[in-house]
Amino acid sequence: MIEVLVVDDDVRVARVNAAYVEKVPGFHVAGEAHCAADALHRLELSPRLDLVLLDHYLPDGTGLDVVGEMRRRGHQTDVIMVTAARDVSTVQAAMRQGALQYLVKPFSFGGLRAKLEAYADLRRTLDVGGEAEQADVDRIFGALSAPSDPVLPKGHSPTTAELVRQTLVSAEGPLSAQDVAERTGVSRQTAQRYLKLLERTGRARLTLKYGDAGRPEHRYVWATRA
């Protein structure tokens, strides 16, 4: 599990963000903080925190102040800025201080999910260790670029798309359209249509399984698991 600290001055917003995080497989909210001092205190108490979702506007400082103090104290916990601050100078400062992502409020669950999934992909890439060739370096930096949610074509339902997405994310291995249909309750044709959409937008990857008849069965896996 990736342990996350959610920091926001608004208690209600912090709870919503925490609920979003808990919906993403592989992530767990270790705590919430509502000011800079509390965020730093929780970091001291929980040295195993992996990630901080950090608001910029805090009552006793800024998110960038928190990042600077974290580094001064030796905390290497990763940071994703989650804030309404849109000025380029703040974005640039966050980048220079090592924030891995920057998500502008307001945002949807899909927007945060994409950032978290990209972060999880980055961690899996880095966990391999060893020496890196240029292609490996490109893949590491590319993992930081979370794809935006695809714009659904006419006739596609966001609810069904999310249902199919969640089915792939939670699966232990590749699934066929029939597998997805049985798990979601939609028809095989509908499952196939949404799986192809996820494949076209890079969210899912197609694999082939050859049976006795020699005809390959199309099976899909969530992109970060492939």
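The values are calculated or read from the model by the stated rules, or taken from the named source; none is laboratory data. Predicted model, so just to flag it, every value in this text is computed and none were measured. Quick reminder, even Gly has a Cβ in these numbers, built from the backbone with ideal geometry, and neighbours come from all protein chains shown.
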So which residues in region 187-204 are over 11 Å from Ala223 (Cα atoms) and not hydrophobic (A, V, I, L, M, F, W, C), if there are any at all? Ser187, Arg188, Gln189, Thr190, Gln192, Arg193, Tyr194, Lys196, Arg200
Note: among Pro47, Pro59, just one is at pLDDT below 90 and over 24 Å from Ala118 (Cβ atoms), namely Pro47
Looking at (1) more than 24 Å from Leu122 (Cβ to Cβ); (2) within 22 Å of the chain's Cα centre (by Cα); (3) aromatic (Phe, Trp, Tyr), find the lone condition where Tyr57 falls short. (2)
Output the residue which, of all residues in region 27-44 that are in contact with a strand residue (DSSP E or B) (Cβ under 6 Å, 6 or more places away or on another chain) and small (Gly, Ala, Ser), is nearest to Val4 (Cα to Cα). Ala30
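Any idea which residue in region 61-94 is farthest from the chain's Cα centre (by Cα), counting only those that are free of Cβ contacts under 8 Å to residues at least 12 places away in the same chain and surrounded by 10 or more Cβ atoms within 10 Å (Cβ to Cβ)? Walk me through it before giving the result.
Here is the first cut: in region 61-94, the residues free of Cβ contacts under 8 Å to residues at least 12 places away in the same chain are 72, 74, 76, 87-89, 91-92.
Going one step further and asking which of them are surrounded by 10 or more Cβ atoms within 10 Å (Cβ to Cβ), we end up with 91-92.
Values: Val91: 19, Gln92: 21 Å.
Ranking the qualifying residues of region 61-94, first place goes to Gln92.
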Collect the residues in region 100-127 that are in contact with a Leu (Cβ under 8 Å, 6 or more places away or on another chain) and closer than 17 Å to Val67 by Cβ, keeping them in residue-number order. Leu100, Gln101, Leu103, Lys115, Tyr119
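Please tell me if Glu3 is under 21 Å from Glu117 (Cβ atoms) and surrounded by fewer than 20 Cβ atoms within 10 Å (Cβ to Cβ).
Working: under 21 Å from Glu117 (Cβ atoms): yes; surrounded by fewer than 20 Cβ atoms within 10 Å (Cβ to Cβ): yes.
It is true that Glu3 is under 21 Å from Glu117 (Cβ atoms) and surrounded by fewer than 20 Cβ atoms within 10 Å (Cβ to Cβ).
Looking at Pro25, is it surrounded by fewer than 19 Cβ atoms within 10 Å (Cβ to Cβ) and either touching a residue at least 60 places away in the same chain (Cβ under 8 Å) or touching a helix residue (DSSP H, G or I) at 6+ places or on another chain (Cβ under 6 Å) (or both)? Full working, then the answer.
Values: surrounded by fewer than 19 Cβ atoms within 10 Å (Cβ to Cβ): yes; either touching a residue at least 60 places away in the same chain (Cβ under 8 Å) or touching a helix residue (DSSP H, G or I) at 6+ places or on another chain (Cβ under 6 Å) (or both): yes.
Here the answer is yes, as Pro25 does meet what is asked.
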